[in-house]
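The values are calculated or read from the model by the stated rules, or taken from the named source; none is laboratory data. Bear in mind the structure is a predicted one, so any value in this text is a computation, not a measurement. When we count neighbours, we look across all protein chains shown, and the Cβ atoms used for this are built from the backbone with ideal geometry, even at glycine.
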Amino acid sequence: MDYKHTPVLLNEVLEWLKVNHGIYVDATVGGGGYAGKILEILGSAGSLIGIDCDQDALNYTSKYLSQYYNKQLKLIKGNFSDILNILKKMEVNEIQGIIFDLGISSYQVDFAPRGFSFRADAPLDMRMDQTQKLTAKDLINELSKEELSRILRDYGQEHYARKIAGLIIQERGKKIIKTTRELAEIAERAVRYKKKIHPATKTFQALRIAVNKELENLSLGLENALKVLAKNGRILVISYHSLEDKIVKQFFNKYSGRCICSPGLIICQCNPQKKLKVLTKKPIAPAKEEILINPRARSAKLRVACKI
């Protein structure tokens, strides 16, 4: 299956990234949608480092872009949370800009064997990095009811978290839960939404986030990216749900000198520092025209900051 996907907010990303010269990083290179355009603008004036933990993405992007930008493009398998070590090994001390396009790709959702979707029956996998040992099947069959409830509640914002967790425990007592369809059917029995959203949507989102440690990696990745960002360099983040966007917003606020502590605290404990200038007071959303062409863009939010 083709990994290529339509990059969300592409024109806005190129406008805000201000590609000029130097080294840029696509921290989630995926199918190379952003990387290709950045390289096209850069020409011989710079280079791009594309990072991804999904080998399928790297294989596709290498085939797609290396024939045109062999000298300017470096593709690295890894997680963006480890960006400091990745760049250190490449002897790169600073970068002029970085783009994070969070979440999962269309390929990962649509290619059933990866186990991200409940639309087709497949093994409960959900690993972005196929060399990782932990899978969704492991979590479903090994965690306690309390831990499963916490994951569904905190990562999926699922109102029926305890009920779903209870049914999972009940069903796995009869046999190991192995497939996406088995899990989806459990969620359908527990959830009675009157909305268009499928009853298993939040459960699958929560497990995917837990399996890949997405929120922890995002926090660490942002912190480390700031350390290697050059003065006036820009950091762009596209998020797709409120948990990601909250982390990005708080990170930008903290490093633009704003306190992010809870209102009830008398003394600030977050140690805000003025290292960034936030360039987007409100997140940028896709235009209606883009959503019509690419419905998966509808929940995207772009935030941009500049190092000072």
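In table form, for the structure just shown:
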read-out: Total residues in segment 199-225, condition farther than 20 Å from residue 154 by Cβ and out of contact with any strand residue (DSSP E or B) (no Cβ under 7 Å at 6 or more places or on another chain); value: 2
read-out: Boolean, residue 96 is among the polar types (S, T, N, Q), out of contact with any His (no Cβ under 9 Å at 6 or more places or on another chain) and either in a loop (DSSP other than H, G, I, E, B) or touching a residue at least 60 places away in the same chain (Cβ under 8 Å) (or both); value: no
read-out: So residue 31, is it closer than 15 Å to residue 101 by Cβ, modelled with pLDDT under 95 and either of a type outside the set (Phe, Trp, Tyr) or over 15 Å from the mean Cα position of the chain (by Cα) (or both); value: yes
read-out: Residue among 219, 262 that alone is assigned by TED's automatic domain parsing to the domain that holds residue 98, within 24 Å of residue 136 (Cα to Cα) and of a type in the set (S, T, N, Q); value: 219
read-out: Yes/no for residue 256 being under 16 Å from residue 305 (Cα atoms), out of contact with any Ser or Thr (no Cβ under 7 Å at 6 or more places or on another chain) and among the small types (Gly, Ala, Ser); value: yes
read-out: Single residue of segment 226-248 satisfying the filter (within 15 Å of the chain's Cα centre (by Cα) and in a helix (DSSP H, G or I)) that is nearest to residue 128 (Cα to Cα); value: 244
read-out: Filtered residue count, segment 7-30, keeping only those that are closer than 19 Å to residue 52 by Cα and crowded, with 21+ Cβ neighbours inside 10 Å; value: 11
read-out: Filter result for residue 139 (in the same structural domain as residue 171 (by TED's automatic domain parsing) and either polar (S, T, N, Q) or in a helix (DSSP H, G or I) (or both)); value: yes
read-out: Residue in segment 256-268 that is at pLDDT below 95 and not in a loop (DSSP other than H, G, I, E, B) present; value: yes
read-out: Matching residues in segment 43-57 - criterion: being buried (at least 21 other Cβ atoms within 10 Å of the Cβ) and farther than 20 Å from residue 91 by Cα; value: 53, 54, 57
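Condition check ((1) closer than 19 Å to residue 235 by Cβ; (2) of a type in the set (A, V, I, L, M, F, W, C)) across all residues:
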| residue | (1), (2) |
| --- | --- |
| 28 | yes, no |
| 35 | yes, yes |
| 38 | yes, yes |
| 43 | no, no |
| 46 | yes, no |
| 54 | no, no |
| 60 | no, no |
| 66 | no, no |
| 69 | no, no |
